[in-house]
Amino acid sequence: MSPKFEFRVLSPAWLAALWLAAGSPTALAQSPAAVAAPAASASASASSSAVSAEPDLEELLRQELREVPREVEVSAASRFAQSAAQAPAVTYVVTAAEIQRYGMRSLADILRAMPGVHISFDGVFSYIGARGLGRPADFNSRLLVLLDGMRVNENIYDAALIDGDFFADVDLIDRVEYAPGPGSAVYGNNAFLGVVNVITKRVDKLRGFQLRSSIDSEGQKRVRASWGWRGESGWEGWLSGSQMQHSHRPLMNEVPAEHEPALRALKWSRDQRVMGGVRGDGLSLQAGFSNVREGLPYFLTDDTWDLGQYNSRGVNTFYALDYERSLGPNWDLALHLSGKRVDFQKHSPFIDGPDTVLFYNERSLGRWINGDLRLSSQAWAGHKLMFGLEYQRDLAMKVSASADTYGELIAFEGDNRRNGFFVQDEWRLHDEHLLVLGLRQDRARIGGSSWNPRLAWIWRARPDASFKLLYGSAFRAANLFEFQVNEPRSLPTPEPERVRTLEAAWDQAWSPQLQLRASVYLSRLKNLISLDDSPQPYFVNSPRLRTEGVELGLEKRWDRGAQLRASLSLQRTRDAQGQGLSNSPHALFKLHYSRPLLGDRLQLGWQLQGMSRRHTDGEDLAGYVVQNLNLLWRPAAGHELSFGVYNLTQTRYFDQPAVQSFPLPQPRRQAQLSWTWSFE
């Protein structure tokens, strides 16, 4: 058997090169290695009633429901479409209409508005924290992100990319589902804190040609074009491409005014994305590409303003083939095959002798395939059974470093295979009682074997109220990045981390236009993989942790189209000695309000997001409240103008996503103007 992880030193000069890179001052910005509508309120398609007595067809299609919908289809919890009321998890959803109404710019923006979720930004990468857990150097590896049901976490860092490197532009998203809590009973590795499923639009919403362009107050420019078609035979296809350019980006830190122009000239970003697919006769083929490039100013010496150019590039590609068919009146088959590739490179300058500047180069290269088979049956009365097999083969896993003229200096390589088998039964005990039983076993060359059960009791207590009692577990195995931090010091690779969660949730419609929700959860975490607090941190398994939390939600709708959503998330995480975690806020408050101003032609969307004080590496960060405002205007059929102001009140707040760094000021007020033109 070949080794699970491999570490190679290729040249004695690597120590000198690493010393030179470490001795150089770091870049000024750190580099990386939605409205949450609870599912029961996620069916809105656009805004209110028309201005005229006889609205046109486009306005009729966009009109909102005036009542909070009770039955919504979701798929994140169980890997197949089902009613949110019967799903074995609390599920929150944001729709395309809400993305438009609130001017959300990325998947990070959407997740930032979800109950219990907080996002940390270091100027390049957005880190997700969920239910109080947001660990430094965690590249979102504890949240499984899916694109149309396909896992997109990569195989070096287990990273979930949610910024410009995510494959789908927000304009292509039909809805985003977020199911918090352990999901390993059906998804296996990485579904530790929850599952996010991003579902793209079908051709009925992308048909014809669409052009969108935007510019913001900081000089970021973006353009996107898409085209969709549907044939008489039922086959359909679509293709979309976008490009962003942002030169002279604002600095995150204060610097002397005389040096600011030179620093901003070295700070830039660009990205390109292409995505498309065809569907028909139960067959679906999709492919996507993203290319993100970043430039940052870099100090070459400690005591002068001698600047160099740091730059990075991340290229991601995927293809996916899905096939679904009925095998009879009570049997359904679903097959999936996908391949992905990630190539992330960083180039940091350093001085090597008089008048000589070389680059220290780091590269993370991953390539892997996924396949799964699911068989569903309703052949037995009162039961809906699902059997599944899943396989992942890592074709390439490599983290390497080199330096100009020195060649390749150091390399870490991995060789991994994962397979999982799972079964789930939805057992209808009575018209008012549903029992969900699930179990999955995962086996991997790295991480060993893991069994994860699921148990859910769903009680429809009244036509307007339901209760869920949920239990589940999840795991996450160490990845190649965590191995390569520990191995040079002959430290062991951390054991897989595990979580068990018990949750109770209540959903009550007090009236057709007012709905309240509440959930209470208790989690026990074991072997959490974290960086220690030494001068040169490495990964260790933390002692046992206990998390307690409450999530409260309210949704109100009015006859004239106005909507209000509010959520309050309270949590507390402690170890055996009663000590809390860093970057773990105790309270998150989110409020979202929208209303039509001129019928369907003009809509107002307002967001308020608040976070309590939290402790980070060595100091406390103050709590804050940020407000966003967006106006959406439809002056004519096929045209949309959107004007958004983010951080409306110019709130000054800080974040500290990395260990042993300093707090970074977060973006202040920004304005963005965008125009969309659609026609068939």
Response to the item:
Given (1) at pLDDT 95 or above; (2) in a loop (DSSP other than H, G, I, E, B), LEU111 misses just (2)
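Quick one: in region 435-450, which of the residues that are closer than 9 Å to GLN424 by Cα and open to solvent by 40 Å² or more (accessible area, probe 1.4 Å) is farthest from the chain's Cα centre (by Cα)?
Quick first cut of region 435-450, residues closer than 9 Å to GLN424 by Cα only: 436-440.
Filter once more, so that each one left must be open to solvent by 40 Å² or more (accessible area, probe 1.4 Å): 437, 439.
Numbers: LEU437: 27, LEU439: 25 Å.
Ranking the candidates gives LEU437 first.
So which residues in region 243-256 are under 18 Å from PHE166 (Cα atoms) and surrounded by 16 or more Cβ atoms within 10 Å (Cβ to Cβ), if there are any at all? So that I can check it myself, show each step before the final result.
Kept after step one, since they are under 18 Å from PHE166 (Cα atoms), are these residues of region 243-256: 243-246.
If the condition is that a residue be under 18 Å from PHE166 (Cα atoms) and surrounded by 16 or more Cβ atoms within 10 Å (Cβ to Cβ), then MET244, HIS246 are the ones that fit.
Is it fair to say TRP305 is part of a loop (DSSP other than H, G, I, E, B) and in contact with a His (Cβ under 6 Å, 6 or more places away or on another chain)?
Numbers: part of a loop (DSSP other than H, G, I, E, B): yes; in contact with a His (Cβ under 6 Å, 6 or more places away or on another chain): yes.
When the stated conditions are applied, TRP305 passes them.
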Worksheet item: Quick one: how many residues across region 312-334 are at pLDDT 95 or above and either farther than 25 Å from ALA381 by Cα or not in a strand (DSSP E or B) (or both)?
Response: 12
Discussion item. Any residue in region 278-296 that is farther than 17 Å from LEU206 by Cα sitting within a Cβ distance under 9 Å of a residue that is of a type in the set (Ser, Thr, Tyr) and open to solvent by 20 Å² or more (accessible area, probe 1.4 Å)? List the pairs, counting only those 6 or more apart or interchain.
Written reply: ASP281/SER233; GLY282/TYR323; GLY282/SER326; LEU283/TYR323; PHE289/THR317; SER290/THR317; GLU294/SER31; LEU296/SER31
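Among the residues of region 609-626 satisfying the criterion of being among the aliphatic types (A, V, I, L, M) and under 19 Å from ARG565 (Cβ atoms), which is surrounded by the fewest Cβ atoms within 10 Å (Cβ to Cβ)?
Keep residues of region 609-626 that are among the aliphatic types (A, V, I, L, M), which gives 611, 621-622, 625-626.
Cutting the leftovers down to under 19 Å from ARG565 (Cβ atoms) gives us 611, 625-626.
Numbers: MET611: 22, VAL625: 13, VAL626: 20.
Ranking the candidates gives VAL625 first.
Would you check which residues across region 645-678 are part of a strand (DSSP E or B) and closer than 30 Å to GLY129 by Cβ and list them? Reasoning before the result, please.
So in region 645-678, the residues part of a strand (DSSP E or B) come out as 645-646, 654-655, 664-665, 670-678.
Residues satisfying the conditions are VAL645, TYR646, PHE654, ASP655, LEU664, PRO665, GLN670, ALA671, GLN672, SER674.
With respect to ARG417, is the statement that it is closer than 30 Å to ARG341 by Cβ and either charged (D, E, K, R) or open to solvent by 20 Å² or more (accessible area, probe 1.4 Å) (or both) true? Spell out the reasoning first.
Values: closer than 30 Å to ARG341 by Cβ: yes; either charged (D, E, K, R) or open to solvent by 20 Å² or more (accessible area, probe 1.4 Å) (or both): yes.
In short, yes.
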Discussion item. Quick check on region 208-242: of everything there that is open to solvent by 80 Å² or more (accessible area, probe 1.4 Å) and under 13 Å from ASP171 (Cα atoms), which residue is farthest from the chain's Cα centre (by Cα)?
Written reply: TRP227
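Could you list all residues from region 624-639 that are in a loop (DSSP other than H, G, I, E, B) and touching a Lys or Arg at 6+ places or on another chain (Cβ under 8 Å)? It would help to see each step written out before you state the result.
Taking region 624-639 as the starting set, the residues that turn out to be in a loop (DSSP other than H, G, I, E, B) are 634-638.
Matches in region 624-639: ARG634, PRO635.
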Worksheet item: Among the residues of region 58-74 satisfying the criterion of being open to solvent by less than 20 Å² (accessible area, probe 1.4 Å) and part of a loop (DSSP other than H, G, I, E, B), which is modelled with the lowest pLDDT?
Response: GLU64
Practice prompt. Give the number of residues within region 145-177 that are outside any loop (DSSP other than H, G, I, E, B), open to solvent by 10 Å² or more (accessible area, probe 1.4 Å) and closer than 20 Å to PHE289 by Cβ.
Written response: 3
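Taking SER642, is it part of a strand (DSSP E or B), polar (S, T, N, Q), more than 22 Å from GLY549 (Cβ to Cβ) and modelled with pLDDT of 95 or more? It would help to see each step written out before you state the result.
Values: part of a strand (DSSP E or B): yes; polar (S, T, N, Q): yes; more than 22 Å from GLY549 (Cβ to Cβ): yes; modelled with pLDDT of 95 or more: yes.
Spelling it out, SER642 is indeed part of a strand (DSSP E or B), polar (S, T, N, Q), more than 22 Å from GLY549 (Cβ to Cβ) and modelled with pLDDT of 95 or more.
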Response to the item:
(1) touching a helix residue (DSSP H, G or I) at 6+ places or on another chain (Cβ under 8 Å); (2) under 17 Å from PHE192 (Cα atoms) all hold for TYR538 apart from (2)
Item to complete: Go through (1) open to solvent by less than 40 Å² (accessible area, probe 1.4 Å); (2) of a type in the set (Asp, Glu); (3) in contact with a Pro (Cβ under 9 Å, 6 or more places away or on another chain) and name the single condition ASP302 misses.
Response: (1)
Response to the item:
Within region 554-573, residues being part of a loop (DSSP other than H, G, I, E, B) and either in contact with a strand residue (DSSP E or B) (Cβ under 6 Å, 6 or more places away or on another chain) or within 30 Å of SER661 (Cβ to Cβ) (or both) number 2
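Which members of region 180-211 meet the condition of being touching a helix residue (DSSP H, G or I) at 6+ places or on another chain (Cβ under 9 Å) and of a type in the set (A, V, I, L, M)? Can you show your working first?
Restricting attention to region 180-211, the residues satisfying the condition of being touching a helix residue (DSSP H, G or I) at 6+ places or on another chain (Cβ under 9 Å) are 190-192, 195-196, 198, 200-201, 205-206, 210.
Scanning region 180-211 gives ALA191, VAL195, VAL196, VAL198, LEU206.
What helices (runs of 4 or more DSSP H) lie completely within region 178-280 and have 1 or more residues being modelled with pLDDT of 95 or more and touching a strand residue (DSSP E or B) at 6+ places or on another chain (Cβ under 7 Å)?
Numbers: elements: 184-187, 203-206, 260-265.
The qualifying helices (runs of 4 or more DSSP H) are 184-187.
Collect the residues in region 627-650 that are open to solvent by less than 40 Å² (accessible area, probe 1.4 Å) and within 10 Å of ARG669 (Cα to Cα), keeping them in residue-number order. Lay out the reasoning, then the answer.
Going residue by residue through region 627-650, those that are open to solvent by less than 40 Å² (accessible area, probe 1.4 Å) are 628, 630, 632, 634, 638, 640, 642, 644-647.
Across region 627-650, the qualifying residues are ASN628, VAL645, TYR646, ASN647.
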Fill in: Breaking point among (1) of a type in the set (Val, Ile, Thr); (2) closer than 25 Å to ALA113 by Cα; (3) under 23 Å from the mean Cα position of the chain (by Cα), for VAL520
(3)
Worksheet item: Are any residues in region 77-108 in contact with a helix residue (DSSP H, G or I) (Cβ under 9 Å, 6 or more places away or on another chain) and part of a loop (DSSP other than H, G, I, E, B), and if so, which ones?
Response: ALA77, SER78, ARG79, ALA87, PRO88, VAL90, THR91, GLY103, MET104, ARG105, SER106
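Quick check: anything in region 455-463 over 24 Å from the mean Cα position of the chain (by Cα), assigned to a strand (DSSP E or B) and within 30 Å of GLY561 (Cβ to Cβ)? Quick ask: steps written out before the conclusion?
Restricting attention to region 455-463, the residues satisfying the condition of being over 24 Å from the mean Cα position of the chain (by Cα) are 455-463.
Still in the running and assigned to a strand (DSSP E or B): 455-462.
Keeping just the survivors that are within 30 Å of GLY561 (Cβ to Cβ) gives 460, 462.
Yes, region 455-463 contains a residue that is over 24 Å from the mean Cα position of the chain (by Cα), assigned to a strand (DSSP E or B) and within 30 Å of GLY561 (Cβ to Cβ).
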Practice prompt. Among the residues of region 618-648, count how many are among the hydroxyl-bearing types (Ser, Thr, Tyr) and closer than 23 Å to GLN100 by Cβ.
Written response: 2
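So, of the residues in region 189-207 that are farther than 21 Å from VAL152 by Cα and of a type in the set (Lys, Arg), which turns out to be nearest to the chain's Cα centre (by Cα)? Explain how you work it out, then say what you get.
The initial filter retains those residues of region 189-207 that are farther than 21 Å from VAL152 by Cα, namely 203-207.
Cutting the leftovers down to of a type in the set (Lys, Arg) gives us 205, 207.
On the way: LYS205: 23, ARG207: 27 Å.
Here the residue is LYS205.
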Discussion item. Restricting to region 341-391, give me the number of residues that are polar (S, T, N, Q), over 22 Å from the mean Cα position of the chain (by Cα) and open to solvent by 20 Å² or more (accessible area, probe 1.4 Å).
Written reply: 4
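The values are calculated or read from the model by the stated rules, or taken from the named source; none is laboratory data. Computed from a predicted structure; not experimentally measured. Every residue, glycine among them, receives a Cβ derived from its backbone with ideal geometry; neighbour counts consider all protein chains shown. The area values use the complete protein model at the heavy-atom level, side chains included, leaving out ligands, DNA and RNA. Shrake-Rupley method; radii C 1.70, N 1.55, O 1.52, S 1.80 Å.
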